[in-house]
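The values are calculated or read from the model by the stated rules, or taken from the named source; none is laboratory data. All of these numbers come straight from a predicted model, not from anything done at the bench. Don't worry about glycine lacking a Cβ; one is built from the backbone with ideal geometry, like all the others, and counts go over all protein chains shown. Side chains are part of the model used for accessible areas, which takes the heavy atoms of the whole protein and leaves out ligands, DNA and RNA. Shrake-Rupley method; radii C 1.70, N 1.55, O 1.52, S 1.80 Å.
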Amino acid sequence: MSQGYHGAFGGAFIPEILHETFRRLTVAYETARADPAFWASYLQLMENYSGRPTPLTLADNLSREFGGRRVYIKREDLNQTGAHKANNVMGQGLLVKRMGKRRVIAETGAGQHGVATATMAARMGLECVIYMGAEDVERQRPNVFWMEQLGARVVPVTSGSRTLKDAINEALRDWVGSMDDTHYLLGTACGAHPFPEMVAWFQSIIGEEARRQILTQAGTLPTHVYACVGGGSNALGIFQAFLNDPDVALVGVEAGGEGLASGRHAARLAGDGVVGVAHGYKTFFLQNADGQMRDTHSVAAGLDYVGVSPILAHLHAQGRVRFAAATDSEVVSALKHLMRAEGIIPALESSHAVAQALKELPELPADAVVIINLSGRGDKDIFTVADALDDPGWRHFIRSKAENYARRDEHNQIFQGKESGQ
């Protein structure tokens with residue numbers, strides 16, 4: 001690798017004004033990586049605060065359903081804040097303290113990176129600002145509520161498609177004017193060097209655990225590992241531990257949205273992504289004929305991103321990771337399937353990996369051993385899923401809550417009018 005390149009992908013395409021900040025960040029990251037005491041402090045924090053190691057759960061009912069093929073689920077949903085995002089933010093938080101900065105900014109799509117960042121900032125005493133596309137603010141209101149309660153300021157971004165790529169643009173604008181005391185806590189293995197390598201390093205804890213656990217529980221390496229892919233942090237987290245095992249098939253699952261033919265999706269590697277440069281790095285992006293970034297679509301806000309990790313782009317070019325896409329309807333169906341079969345509520349993002357595994361399991365060898373990386377829990381998606389299922393009980397609940405709020409607002413207005421003598 002040269003200057004942050006992975007094959008033809010990666011690099012650091014940044015404004016001159018950010019060069020010194022990136023140089024200092026690279027030095028801080030490389031120094032920490034070479035310091036065993038730093039990784040030991042990271043492991044201790046993740047064990048005592050985040051609940052690691054997360055379990056590797058044998059899905060007994062799914063295994064029986066698919067003829068004895070053994071299905072294991074890596075439970076990143078059981079991390080503090082409910083997703084693999086905790087691994088990265090806690091690691092970068094330790095770096096922020098090491099660099100002596102006082103403020104963090106971040107962008108978020110599904111909100112889980114935002115909640116994790118706000119949680120870290122509260123614990124470590126840092127000021128926190130979260131940029132979020134206005135559309136994602138509406139889709140992920142419960143996470144916005146928690147970010148604000150944790151003390152973060154959430155800034156809705158109304159430009160462009162009002163989703164993750166626009167939130168990244170706003171976060172970069174903030175950083176250009178605040179770099180002396182602020183760290184941009186990028187949430188996934190994308191962006192300019194050293195972010196892809198740094199995020200992948202912190203997330204490698206997933207694969208290290210999963211490899212030990214599957215050898216202990218199954219007595220063998222897995223034949224297949226499935227992970228969803230937005231930017232690619234959870235996929236790289238688990239894939240890295242198996243890259244040198246050629247018999248382990250690694251499958252990344254992107255957002256097929258309303259279908260690849262519809263154009264309303266976020267499948268860069270399984271779909272029609274084109275190599276380009278944006279957000280400081282070179283990778284596959286969804287672009288129009290003029291090279292402009294296209295609008296993306298996914299039922300899962302965390303996968304609704306126009307680019308993909310340069311490390312995954314390189315693994316795709318090498319043929320080491322196979323990429324597929326799951327549609328919104330397949331994802332909602334997979335979510336219901338896992339809930340009913342195993343009593344586990346996956347995030348919509350993670351349900352992409354579940355959907356692809358369910359599609360392929362009937363065709364796998366009878367002795368297949370499968371790991372699905374469950375990157376996050378699904379309670380954050382209750383509004384989106386309830387809409388997709390058109391659940392009548394949920395509609396009644398929402399109407400009742402709205403009517404109660406309306407009556408309370410009316411009562412308060414009358415009371416305030418009497419107080420002021422009107």
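Key figures
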item: Test: Gly4 is under 26 Å from Val308 (Cβ atoms), touching a Phe, Trp or Tyr at 6+ places or on another chain (Cβ under 7 Å) and surrounded by 15 or more Cβ atoms within 10 Å (Cβ to Cβ); result: no
item: Helices (runs of 4 or more DSSP H) wholly inside the stretch 125-187 containing at least 2 residues that are touching a His at 6+ places or on another chain (Cβ under 9 Å); result: 164-176
item: Subset of the stretch 279-289 [open to solvent by 20 Å² or more (accessible area, probe 1.4 Å) and not aromatic (Phe, Trp, Tyr)]; result: His279, Lys282, Gln287, Asn288, Ala289
item: Test for Thr220: is it free of Cβ contacts under 8 Å to residues at least 24 places away in the same chain, over 19 Å from Gly187 (Cβ atoms), polar (S, T, N, Q) and open to solvent by 10 Å² or more (accessible area, probe 1.4 Å); result: no
item: Residues located in the stretch 130-145, provided they are touching a Gly at 6+ places or on another chain (Cβ under 8 Å) and surrounded by fewer than 18 Cβ atoms within 10 Å (Cβ to Cβ); result: Pro142
item: Residues of the stretch 43-67 satisfying the condition of being among the aliphatic types (A, V, I, L, M) and farther than 22 Å from Arg33 by Cβ; result: Leu56, Leu58, Ala59, Leu62
item: Residues of the stretch 7-26 satisfying the condition of being small (Gly, Ala, Ser), in contact with a strand residue (DSSP E or B) (Cβ under 9 Å, 6 or more places away or on another chain) and open to solvent by 40 Å² or more (accessible area, probe 1.4 Å); result: Ala8, Ala12
item: Residues located in the stretch 398-422, provided they are in contact with a helix residue (DSSP H, G or I) (Cβ under 9 Å, 6 or more places away or on another chain) and part of a helix (DSSP H, G or I); result: Ile398
item: Hey, Gln112 buried (at least 23 other Cβ atoms within 10 Å of the Cβ) and out of contact with any Gly (no Cβ under 8 Å at 6 or more places or on another chain) or not; result: no
item: Residue that is loosely packed, with under 11 Cβ neighbours inside 10 Å and either in contact (Cβ under 8 Å) with a residue 40 or more places away in the chain or not polar (S, T, N, Q) (or both), where the choices are Gly417, Gly378; result: Gly417
item: The stretch 66-85, subset in a strand (DSSP E or B) and either among the aromatic types (Phe, Trp, Tyr) or under 18 Å from Ala341 (Cβ atoms) (or both), residue most open to solvent (accessible area, probe 1.4 Å); result: Arg70
item: Members of the stretch 260-293 found to be more than 28 Å from Ala116 (Cβ to Cβ) and among the basic types (Lys, Arg), listed by number; result: Arg264
item: Answer from Gly263, Gly230 - the residue that is under 23 Å from Ser333 (Cα atoms) and surrounded by fewer than 24 Cβ atoms within 10 Å (Cβ to Cβ); result: Gly263
item: Among (1) under 23 Å from the mean Cα position of the chain (by Cα); (2) closer than 15 Å to Ala210 by Cβ - the single one Ser50 does not satisfy; result: (2)
item: Any hit, the stretch 253-268, residues being in a strand (DSSP E or B) and within 19 Å of Val369 (Cα to Cα); result: yes
item: Unmet criterion (only one of (1) within 16 Å of Ala317 (Cα to Cα); (2) open to solvent by less than 40 Å² (accessible area, probe 1.4 Å)) for Val274; result: (2)
item: Meets criteria (small (Gly, Ala, Ser), outside any strand (DSSP E or B), modelled with pLDDT of 95 or more and more than 18 Å from Ala267 (Cβ to Cβ)) for Ala334; result: no
item: Complete set of residues in the stretch 27-62 that are part of a helix (DSSP H, G or I), polar (S, T, N, Q) and surrounded by fewer than 19 Cβ atoms within 10 Å (Cβ to Cβ); result: Thr31, Ser41, Gln44, Asn48, Asn61
item: Single residue of the stretch 337-372 satisfying the filter (more than 19 Å from His265 (Cα to Cα) and buried (at least 24 other Cβ atoms within 10 Å of the Cβ)) that is farthest from the chain's Cα centre (by Cα); result: Val370
